[in-house]
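Structure, as structure tokens:
Taken together, the values in this text are just the output of simple stated rules run on the coordinates, not laboratory data. Predicted, not measured: the structure shown is a model, and the values here were computed from it. Cβ placement follows ideal geometry from the backbone for every residue including glycine, while neighbour counts extend to all protein chains displayed.
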Amino acid sequence: MRHFRSLNAQAWLIFTLLTVCYGLASFFRTSPSTLAVDIMRDFSVGGGLMAVMSSAFFYPYAFMQIPAGILSDRWGPRNTICLFLLLGAAGALIFAGAHSVGMAALGRMLIGAGMAMVFVPALRVILYWFPPRLHALGTGLLLSLGTGGMLLATWPLMMLSQIMGWRGSMLAAAALTVFMSAVVWRVVRNRPEEKGFTPSWAASDDGPSVPPLKQTMLGILKTRTYWTVSIWFFCMYGAFFSLSGLWAGPYFIQGYGLDKSAAGGVLFCLALGSTLGPTLIGFLTPWLRLPKRGLLLVACSATLLLGFPLLLPRPVIPAALLPLWGVAFGIFCGGFGGIALTRIQDDFPPEIVGTATGMINIYTYLGSALLQLASGWIMEAQAPGAGAYTLPQYSRMFILYMFMFCCAFAASLFALRDGGAAGTRCSGLQSGAR
């Protein structure tokens, strides 16, 4: 019994450390929205170049998803996380010391490459340290609690930047990242056996054989499920991360006239909604008795309804209700990703679910990057070189985001059907993987 308690305590300690590391990824992803006004003023640039700088995070983050799984399998999660956290910290140092948009973009790229190597390796560690009955819980908690890093990138970061400046804030984040890399190296081990434990559920390396990576990826690309879920994530989550990670802060400061503290509070509520959303939805789903397609339609419909005020050229949401709006928008726009991902778990064999999930994650962050660029160009076209914009200019730019939410609604309506052809087509992969 003492052995089990010690193993259990060690597992949850490792889980906590990995959650903090994933929280750093969420923090760096969202921080430009909080600091955008100060950064544009410091660099004397407008929305176009600001979008280029901010979106630089997402390209390496997107395309490193598949290498993250490969390195975790071949080199080990612990080594992968520690090394790439240091790369992310180096990027944060470059970003904090940058005196040009190009250098700042380079820093953001290195941050994205480093932070991309946390989530997938962390899932690998959970697989070995927790019994199978807790794998789903561990994954859900990692997503929900790790996304809580967005909370630190809102009001707390706004307050810290007023004390230390945005550069000092990034230096502090870089120092914390280096510290976490050292702690992970000291405490985390890939398997319980490396700490002297012998769990009764010890994962066996025996099981269904996995086809070569090229064959697996080509098979996944041929399925309807892969493309429809990818479109949903590109449109829904790509738009949410782009909006919350770049424009939400400037919009409420310049458009609604809020001070930095009040705007940071709204951003905090937006992040809070997206953090609590997956857990809340997972708890309510059995009681709602709606098919997954119905839940996604509810999410898209509510997002369109809540997003409509963003299209209006004047403030229509009372300041007192903005925090409530932020929580609701965060829940419906940023909290239903787990429902969409279950389509992958339903339609693909377990031995290739990780590869399929990594391939879909690419579209979330690629969508974020491209939408930040496109929205930046829209703002730049309206007011070239301006570092501040009016509410009507923001409202015209938000048409792009509403269009993406409509596309996500269409994907939910016409493509993400429970069962049917998608599952049948994916079943061919299972037979080939055994």
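Rounded to the nearest Å, what's the spacing between the alpha carbon centres of segment 142-197 and segment 59-104? Just the number, please.
Result: 14 Å between the Cα centres.
What percent does the relative contact order of segment 208-434 come to when contacts are Cα pairs within less than 8 Å and at least six residues apart?
Relative contact order here is 43 percent.
Taking the simple approach of a point 7 Å from Cα along Cα-to-Cβ for both residue 301 and residue 324, what is their distance in nm?
Placing both labels 7 Å along Cα→Cβ, they lie 2.1 nm apart.
Measuring from label point to label point, each 7 Å out along Cα→Cβ, what is the residue 12 to residue 63 span in nm?
4.2 nm
When 261, 26 are ordered from fewest to most other Cβ atoms inside 10 Å of their Cβ, what list results?
On the way: 261 11, 26 27.
So the residues, fewest neighbours to most, are 261, 26.
Full extension from residue 100 to residue 186: what is 0.36 nm times the residue separation minus their Cα-Cα distance, to one decimal in nm? Before the final figure, lay out the partial values.
Numbers: separation 86, 0.36 × 86 = 30.96 nm, distance 3.67 nm.
So the extension gain works out to 27.3 nm.
Where in the chain are the DSSP H helices whose C-alpha atoms run 20 Å or more along the long axis and whose mean Kyte hydropathy is at least 1.0? Numbers along the way, then the final one.
Working: long enough: 2-43 (58 Å, 0.49); 77-97 (30 Å, 1.51); 101-115 (21 Å, 1.42); 155-187 (34 Å, 1.12); 224-242 (26 Å, 0.73); 260-288 (40 Å, 1.21); 292-307 (22 Å, 1.40); 350-382 (49 Å, 0.62); 391-414 (34 Å, 1.34).
TM-like helix candidates: 77-97, 101-115, 155-187, 260-288, 292-307, 391-414.
Neighbouring Cβ atoms within 10 Å as the yardstick, rank 287, 12, 155 fewest first.
Numbers: 287 7, 12 13, 155 21.
If I rank by nearby Cβ atoms, fewest first, I get 287, 12, 155.
Could you give the dipole magnitude of the chain about its Cα centre, charging the beta-carbon of Lys and Arg +1 and that of Asp and Glu -1, in debye to the nearest 20?
Working: 27 positive and 13 negative charges, 108 e Å.
Approximately 520 debye in magnitude.
Given an 8 Å cut-off on Cα distances and at least 6 residues of separation, report the relative contact order of the chain as a percent. Mind showing how you got there, number by number?
Values: 697 pairs, mean separation 115.7, N = 434.
Dividing the mean separation by the residue count of the chain yields 27 percent.
List 58, 405, 332, 414 from most exposed to least, where exposure is judged by having the fewest other Cβ atoms within 10 Å. Walk me through the numbers on the way to the answer.
Numbers: 58 28, 405 22, 332 25, 414 10.
Listing 58, 405, 332, 414 from fewest to most nearby Cβ atoms yields 414, 405, 332, 58.
Anyone know which of 183, 52, 229 comes out most mobile in the 10 Å Cα GNM of the chain?
Of 183, 52, 229, the Gaussian network model singles out 183 as fluctuating most.
Want the number for residue 388 to residue 195: 0.36 nm per residue separation, take away the alpha-carbon distance, what's left? Before the final figure, lay out each step's value.
Numbers: separation 193, 0.36 × 193 = 69.48 nm, distance 5.48 nm.
Extra length available between residue 388 and residue 195 comes to 64.0 nm.
Below 25 Å, Cα to Cα, which lysines can residue 222 reach? Residues fewer than 8 away in the same chain don't count.
Correct list for residue 222: 214, 292.
Could you work out how much longer the chain between residue 215 and residue 308 gets when fully extended? Use 0.36 nm per residue separation minus the Cα distance between them, nm to one decimal. Let's see the in-between values first.
Numbers: separation 93, 0.36 × 93 = 33.48 nm, distance 4.40 nm.
Computed gain between residue 215 and residue 308 is 29.1 nm.
Obtain the nm distance between the two label points defined at residue 285 and residue 256 by a simple spin-label model: each point lies 7 Å from its Cα along the Cα-to-C-beta direction.
My value for the distance between the label points is 3.1 nm.
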